[in-house]
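For reference, the structure discussed in these notes is given below.
Where a number appears in this text, it was derived from the coordinates with a stated rule and is not lab data. Keep in mind it's a predicted model, so treat the numbers as computed, not measured. FYI the Cβ positions are ideal-geometry reconstructions off the backbone, even for glycines, and counts take in every protein chain you see.
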Amino acid sequence: MSAPTLDEVKSWPATVGVPQAATALGCSKSQLYELIKRGESPVKILPLGRRYVVITRSLVRLLEDA
């Protein structure tokens, strides 16, 4: 899967799963999960039960600053 454009990411729902966010960041989902576990995620995360979702707006901000 190729990385989405910034405009595509802006059209995503308010939250997305870790695998989708990892694609936008250009890393693997396991790398992003590891950063989350260490408390070093570059984007805002919401824990939902046993899973995590990424706040799309924080992903957009990070990509805009890149």
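The length gained on full extension between residue 30 and residue 7, counted as 0.36 nm times the residue separation minus their Cα-Cα distance, comes to 5.8 nm.
Normalised by residue count, the chain yields a Cα convex hull volume of 81 Å³ per residue. Rounded to the nearest 20, the Cβ-based charge dipole of the chain about its Cα centre (Lys and Arg +1, Asp and Glu -1) stands at 340 debye. Once the Cα atoms are used to define both axes, helix 56-65 deviates from the longest principal axis of the chain by about 60 degrees.
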